[in-house]
Amino acid sequence: MNQVRKYLVIGLVITAFAGGAFFMILAFQGPRGIPQRATVLPQPAPLPQFSLVDQSGAPFTRESFRGRWSLVFFGFTHCPDICPATLQQLAIARSRVLADGENEFPNIILISVDPERDTPEIMAGYVGHFGPGVTGVTGSLEELRKLTTALGIFFEKSGDENGSYSVDHAAVVIVINKSAEFHALFSAPHNVEHFVSDIPLITDST
Amino acid sequence: MGVLAVACSAPEGPPLTISNALVLEAPPGTQMSVGYMTLDNNSDQPIVIDRVTSPQFARIEMHETVIENDVARMASFPSLVIDPHSSVVFETGGKHLMMSGPVNQTEAGLPVTIEIHYDANGLLIIATTVRSREHVLDDSR
């Protein structure tokens, strides 16, 4: 009888440990199917009307977002660090997600917060560096502000004593859904894994 | 990646060493490259980095990307103090070398030399190559 009780106690202890480990793993990984790094808006917000141009000089408006998911980063071509790094991370995520069997990946869109220097021609050369599926958008400050204000995107010119300037700007990646609505965002700092894990979950959720 | 580092003012061994030095290619039309590295102060005294130069670039500035409340701001700093037996890392999203005005095209694979001027008359020279962002930023590799 003591032998039976001994095995019963050992069995209970093992079961308790296994159960605890299972729940710890679940707690660590989070529920499947829910983005872990992106913030998804409870209610998507429609974009306002605006009129910009893409790298070929063609109109780029709210309607340009319709029909396909988009990942939007506001930056500028003279930005040496975070702008090219973020675009490259998105481009790498695109390659990996498509290689993993997804049929499509959102458009990657750089919208310039430095339209003074970023002409469509400059944008064309720049976004081409990051491979296919990357669009460059620029235009007037007035039209740009229509979009940035609606999305809560900050940007501000910052000069130095040498006469050159930089632009402080929001570092988030905005997710726009197929209905041209602000759907989700990724906060900085970014890395490829965050995009690879969460983007298919976001785009498959609707 | 081949990296050659030469300290020119170190009678008893290099007080300043560098590792993981890399220069990323400039996207077309920008003439703006970026450099990353780790600087180690191996000495018992603080080391002041006065400036950074390169024969391949007209101008190099030490910058730092600071992200606060999801806003990225870029601040330049004219010099940098490295505490004794400490390291300073230049990396994506943090301190970096803003390298502008390339003498020639900065394509991946081309050689580039970085000259670290420190403590008024110290000089550390690094020979490395320009690399593509794709290989450096893929954190799965």
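The values are calculated or read from the model by the stated rules, or taken from the named source; none is laboratory data. Not measured: the values here are computed from a predicted model. In this analysis, Cβ positions are derived from the backbone assuming ideal geometry, glycine residues included, and neighbour counts consider all displayed protein chains. What goes into the accessible areas is simple: the full protein's heavy atoms, side chains included, and nothing from ligands, DNA or RNA. Shrake-Rupley method; radii C 1.70, N 1.55, O 1.52, S 1.80 Å.
Packing around the peptides A:194-203, A:92-101, taken as the average count of other Cβ atoms within 10 Å per residue, puts them in this order, highest first: A:194-203, A:92-101. At an R0 of 41 angstrom, the distance between the Cβ atoms of A:Ile34 and B:Ser86 translates into a FRET efficiency of 0.50. Only one residue of B:Ser79, B:Pro28, B:Met99 has its Cα farthest out toward the positive end of the dipole of the range B:3-132, where Lys and Arg carry +1 and Asp and Glu -1 on Cβ, and that residue is B:Pro28. Between A:Lys178 and B:Ala58, the modelled label-to-label distance comes to 4.9 nm, taking each label 7 Å out from Cα in the direction of the beta carbon.
Along the charge dipole of the range A:103-183, pointing to its positive end and built from +1/-1 on Cβ of Lys, Arg, Asp and Glu, which listed residue (A:Leu151, A:Pro106, A:Pro132) has its Cα farthest out? Of the listed residues, the answer is A:Pro106. Counting only DSSP beta bridges whose two residues both lie in chain B, roughly 95 percent are antiparallel. A protection proxy built from the mean count of other Cβ atoms within 10 Å ranks the segments A:115-124, A:34-43, most packed first, as A:115-124, A:34-43. Take every DSSP beta bridge whose two residues both sit in the range A:37-203; close to 70 percent of them are antiparallel. Summary of the geometry: the range A:87-160 and the range B:110-137, compared by the centres of their Cα atoms, lie 29 Å apart.
Accessible area per residue for the protein assembly as shown is 48 Å², calculated with a 1.4 Å probe on protein heavy atoms, without ligands, DNA or RNA. Classified by the C-alpha gyration tensor, the protein assembly as shown has an oblate form. Its axis ratio a/c, with a ≥ b ≥ c, is 1.5 or above, and a/b does not exceed b/c. For the range B:3-132, the extents of the C-alpha atoms along the principal axes are 45, 38, 21 Å, listed from largest to smallest. Given a Förster distance of 25 Å, report the FRET efficiency between A:Arg68 and A:Arg145 from their Cβ-Cβ distance, rounded to the nearest 0.05. Calculated value: 0.50.
Near A:Phe65, once Lys and Arg are set to +1 and Asp and Glu to -1 for all other residues with Cβ below 9 Å from its Cβ, the sum equals +2. Only protein atoms count toward the accessible area here, which uses a 1.4 Å probe; on the range B:3-132, the carbon and sulfur part of that area reaches 50 percent.
Association of chains B and A removes close to 2400 square angstrom of accessible area from solvent, both sides included, for a probe radius of 1.4 Å.
The mean number of partner chain beta-carbon atoms within 10 angstrom of a residue's beta-carbon across peptide B:62-71 is 5. Legend: mean number of C-beta atoms from other chains within 10 angstrom of residue C-beta atoms, peptide B:21-29, equals 5. Counting Lys and Arg as +1 and Asp and Glu as -1, what is the net charge of the other residues whose Cβ lies under 12 Å from the Cβ of B:Ile18? In short, -2. Computed over the range A:37-203, relative contact order equals 37 percent, with contacts defined as Cα pairs under 8 Å that lie 6+ residues apart. When Lys and Arg each count +1 and Asp and Glu each count -1, what net charge do the other residues less than 15 Å away from A:Ile122, Cβ to Cβ, add up to? Local net charge: -4. Protein heavy-atom surface of the range A:37-203, 1.4 angstrom probe: 50% of the accessible area is carbon and sulfur, with nucleic acids and ligands not counted.
Across chain B, Cα pairs under 8 Å and at least six residues apart give a relative contact order of 33 percent. Here A:Lys178 is the anchor, and the aspartates and glutamates within straight C-alpha reach of less than 12 Å, apart from those fewer than 8 places off in the same chain, are A:Glu63, A:Asp204. Legend: mean number of C-beta atoms from other chains within 10 angstrom of residue C-beta atoms, peptide A:183-196, equals 3. Panel note: contact residues of the range A:86-127 (accessible area lowered by at least 20 Å² against the chain on its own; 1.4 Å probe) correspond to A:Gln88, A:Gln89, A:Ile92, A:Arg96, A:Ile122, A:Gly125, A:Tyr126.
The listed peptides A:166-177, A:140-151, ordered by packing as a protection proxy, come out as A:166-177, A:140-151 (highest mean of other Cβ atoms within 10 Å first).
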